[in-house]
Amino acid sequence: MTDEDAVDAVVSAWHRERPDLDLTAIGVAGRMGRLALVLGPAQERVFGKFGLQRGEFDVLAALRRSGPPYTLIPSELSTTLMLSRAGMTSRLDRLEKAGFVERALDPNDRRSFRVRLTGKGFEAVDAAMTEHTANVSELLSGLSGEELALLDEILRKLLRGLDPSA
């Protein structure tokens, strides 16, 4: 039995064709890409159970993490989620229509408004977060606690090098 995977086959073929290249990083990036293709849909299924798309969950989660009174202004949400203001408006429209958030004029700045998590939104994001945490833990259960900690450290280092704002 071999430990080789589909990425090894690609790297091996390239190595045969281009033995002059160090393909180590190609293997790592290939596996990271394949992981994203597996993890993304598995997470989306959980969010879908709660009537949410990933981006909508992210908005609700940002509001929930902000603590009482679970209210932020759209620019804070946009910055936190690295999303354009137009993209944020679209998400907020859908979440407001579903009853997960409310928008009201900011009493401190009548040109702006505040987004508040509703009771329905609070319940939805808490339930979704509980199931999301269990789901991701199950998806990564093939790694030991030590391996998860090491992978987390390595990915943090890589992300900081690629995106200093992270």
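Laid out as a table, the results:
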item: Residue of 61, 149, 42 that the Gaussian network model of the chain assigns the largest fluctuation, springs spanning Cα pairs under 10 Å; result: 149
item: Per-pair calculated FRET efficiency, R0 = 30 Å: residue 20 and residue 54 via Cβ, rounded to 0.05; result: 0.15
item: Gaussian network model of the chain, Cα within-10 Å springs - most flexible of 117, 39, 83; result: 83
item: Reachable lysines, given that their alpha-carbon falls under 16 Å from the alpha-carbon of residue 120 and they are not under 8 places away in the same chain; result: 49, 97
item: Crossing angle, helix 54-65 versus the chain [Cα axis fit, 0-90 degrees, rounded to tens]; result: 60 degrees
item: Accessible surface ranking that places the most exposed of 20, 109, 93 first, with a 1.4 angstrom probe; result: 20, 93, 109
item: Gaussian network model of the chain, springs between alpha carbon atoms under 10 Å - residue of 131, 153, 102 with greatest fluctuation; result: 153
item: With Cα atoms, 0 to 90° folded angle of helix 119-139 axis to the chain main axis; result: 10 degrees
item: The chain: calculated mean residue ellipticity at 222 nm from DSSP helix runs of at least 4, using -39500 (n - 2.57); result: -22000 deg cm²/dmol
item: Debye, to nearest 20: dipole size of the chain, +1 on Lys, Arg Cβ, -1 on Asp, Glu Cβ; result: 1020 debye
item: Summed side-chain charge close to residue 7 - residues other than residue 7 whose Cβ falls under 12 Å, Lys, Arg +1, Asp, Glu -1; result: -2
item: Cα gyration tensor shape of the range 1-120, rounded if a/c is under 1.5, else prolate or oblate by comparing a/b with b/c; result: prolate
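The values are calculated or read from the model by the stated rules, or taken from the named source; none is laboratory data. What you see is a predicted model, and the numbers here were worked out from it, not measured in a lab. Heads up, the Cβs are rebuilt from the backbone with ideal geometry, glycines too, and the neighbour counts pull from every protein chain shown. Side chains are part of the model used for accessible areas, which takes the heavy atoms of the whole protein and leaves out ligands, DNA and RNA. Shrake-Rupley method; radii C 1.70, N 1.55, O 1.52, S 1.80 Å.
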